[in-house]
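Asks: Please find one structure pasted underneath; my questions will follow.
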Amino acid sequence: MKLDRMAAHRLLEEAVAQVDAVGRPACVAVTDERGALIAFTRMDGAPVRSVKLSEAKAYSAARLGVSTTAFHERLLRDGMPATYFADPTLTGMPGGAVITSESGATLGGIGISGLAPADDQRIADDVAARHKAGQDR
């Protein structure tokens, strides 16, 4: 099972609706299981720096199979920089969540950037969880 373009765009729409409720613009990126970008949006007024950050968050979640918050916690716990993973695109910035199938297989990642880090992560986690539960259809 793969994350197709239509599902990726539904994830974007859900994320944008939740970002709108916060009242600030953000960027949202959705990747496949390898971290390749499938869908992206930059809301009007979102910071330009959030373009690459949202992509890196989605990439990191997909490649590592954990949220970027969990990756950040591991880096802190083990006292190592992200550069130890020899992949310059990886980030531990909060806001990246793994998109999984109902069986738990990694389908991709979603990354949100532009809000407070906790809000980025909360929305990414919620959208990913809704997809897993089949509520994105």
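Only the coordinates and a few stated rules stand behind these numbers; no lab work does. What you are looking at is a predicted structure, and each value in this text was computed from that prediction instead of being measured. In this analysis, Cβ positions are derived from the backbone assuming ideal geometry, glycine residues included, and neighbour counts consider all displayed protein chains.
Asks: Over the chain, what is the mean sequence separation of C-alpha contacts under 8 Å (at least six apart), divided by residue count, expressed as relative contact order in percent?
Replies: After rounding, I find 28 percent.
Asks: If you don't mind, another one. Give the value in nm², to one decimal: projected area of the alpha carbon convex hull of the chain, averaged over all directions.
Replies: Computing the convex hull of the Cα atoms and averaging its projections yields 7.6 nm².
Asks: For region 1-63 and region 70-126, what is the centre-to-centre distance using only Cα atoms, to the nearest Å?
Replies: Going from one Cα centre to the other spans 13 Å.
Asks: Let me ask another. I'd like to compare 125-131, 15-21, 100-106, 80-86: which one has the highest average count of other Cβ atoms within 10 Å, and what's the full order after that?
Replies: Result, highest mean Cβ count within 10 Å first: 125-131, 15-21, 100-106, 80-86.
Asks: May I ask you to compute the full-extension gain from Val51 to Thr83, defined as 0.36 nm times their residue separation minus their alpha-carbon distance, rounded to one decimal in nm?
Replies: 9.4 nm
Asks: Another question, if that's okay. For Met6 and Leu75, compute 0.36 nm times the residue count separating them, minus their Cα-Cα distance, and round to one decimal in nm.
Replies: Answer, rounded to one decimal: 21.4 nm.
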